[in-house]
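Only one structure is covered here, and it is reproduced in the block below.
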Amino acid sequence: MRAVVVREFGGIEKATLGEMPRPEPRAGELMIEVRAVSVNFVDLVMMSGTYQFKPTLPFIPGKLPVGVVAAVGAGVTKFKPGDHALLMAESAGFAEFAVMPENQCIKLPPALPFQEAASMALVYDTAYFALKDRGRIAPGDNVLILGATGGVGLAAIQLAKAFGGKVLAAVASKDKEDIVRAAGADAIVDLSAPDLHESLRQQVFALTDKKGADIIVDMLGGDIFDAAVRSLAWCGRLIVIGFASGRIPSLKMNYVLVKNIEVSGMQISDYRKRKPADMQAAFADIYRLHAAGKLKPLPTKAYPIERFAEALTDIKDRKVRGRIILTLER
């Protein structure tokens, strides 16, 4: 089968489109013909060999592919050939076929287009658990989304609105305000303002009647984390998802004590591995909200798998407004 293959850890140039053995489902597994798969910054991290676990070389990158069930192994009861499915795979998605155990697969609504399902994967589930599980969002909460123009950020905006929150979207460029407004943001926080250490808090307090943010979802880290934590409300919750700015921040714990705040991490892969039933329930809720019209399709740019290097380069160079996916046409 055709697949993007990494035979040596490194940059995008280390990956090639080649041939790999087609996987076959064993007992309890199902195989899909992949139709679409999202491209994410974490793919670059895994390809570099600096991810929290190193796949065995050679490997196929690509998380959470979607497609049509082509075959099922003995004992599979919830899927049959022809069903549409999302595989909660940590890798192996940039290929024509992929295999996963049945309890690590999500049945897709038949009417949900594959490209839209791929653009939702990884970002809506990440945002869902950040807000619901770690953030314990409640109606009326003020929610500050950092990295708001990325996939997780846009998903978090939509979900926070669906859960009854007031959303403050933080953007570094005014020419991206339109994308967060379209996603449902109630207000904009300007990350390009001078003296961000002070100005971020001033903006958030001005937008929340001096209360501050009940929840902050942070994909950026670095100096922005340092500034944002000061804008938390009493008993506020900050959820750390990533460090796209490049620096892993630290925090003085006396500040946590004085303001009764919580800082927690959210690594979505562990939910897939440790709580697959919770993941199934989360996606069911996400698809319910989507069907009810409360979640809108994310801005998405699609590349055929032959142009995988271009797609990954766009991710690396931060040329993304929304989502990038690879498609495999049949």
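In segment 205-241, which residue that is in contact (Cβ under 8 Å) with a residue 24 or more places away in the chain and assigned to a loop (DSSP other than H, G, I, E, B) is surrounded by the fewest Cβ atoms within 10 Å (Cβ to Cβ)?
K211
Taking helices (runs of 4 or more DSSP H) that do not extend beyond segment 80-167, which have at least 3 residues that are over 19 Å from R321 (Cβ atoms)?
Result: 123-129, 151-162.
Considering each of A282, A302 in turn, give the residue that is in a helix (DSSP H, G or I) and hydrophobic (A, V, I, L, M, F, W, C).
A282
Exactly one condition in (1) assigned to a loop (DSSP other than H, G, I, E, B); (2) farther than 19 Å from I215 by Cβ; (3) in contact (Cβ under 8 Å) with a residue 60 or more places away in the chain is false for K176; which is it?
(1)
Report yes if some residue within segment 314-322 is closer than 23 Å to Y124 by Cα, part of a helix (DSSP H, G or I) and in contact with a strand residue (DSSP E or B) (Cβ under 7 Å, 6 or more places away or on another chain); otherwise report no.
Checking segment 314-322: at least one residue is closer than 23 Å to Y124 by Cα, part of a helix (DSSP H, G or I) and in contact with a strand residue (DSSP E or B) (Cβ under 7 Å, 6 or more places away or on another chain).
Considering (1) touching a strand residue (DSSP E or B) at 6+ places or on another chain (Cβ under 6 Å); (2) of a type in the set (D, E, K, R); (3) in contact (Cβ under 8 Å) with a residue 60 or more places away in the chain, say which one K166 fails and leave the rest.
Tallying (1) touching a strand residue (DSSP E or B) at 6+ places or on another chain (Cβ under 6 Å); (2) of a type in the set (D, E, K, R); (3) in contact (Cβ under 8 Å) with a residue 60 or more places away in the chain, K166 fails exactly one: (3).
Just for segment 242-269: of the residues that are loosely packed, with under 15 Cβ neighbours inside 10 Å and under 21 Å from G150 (Cβ atoms), which one is modelled with the lowest pLDDT?
Filtering first and then ranking leaves G246.
Do we find that G147 is under 18 Å from P297 (Cβ atoms), buried (at least 19 other Cβ atoms within 10 Å of the Cβ) and of a type in the set (G, A, S) in this structure?
No.
Quick one: which strands (runs of 3 or more DSSP E) sit completely within segment 1-69 and have at least 1 residues that are under 19 Å from L87 (Cα atoms)?
So the answer is 2-6, 29-39.
The values are calculated or read from the model by the stated rules, or taken from the named source; none is laboratory data. Note that the structure is predicted; figures quoted are calculated from it, not measured. Cβ coordinates were reconstructed from backbone atoms using ideal geometry, including for glycine residues, and neighbour counts include every protein chain displayed.
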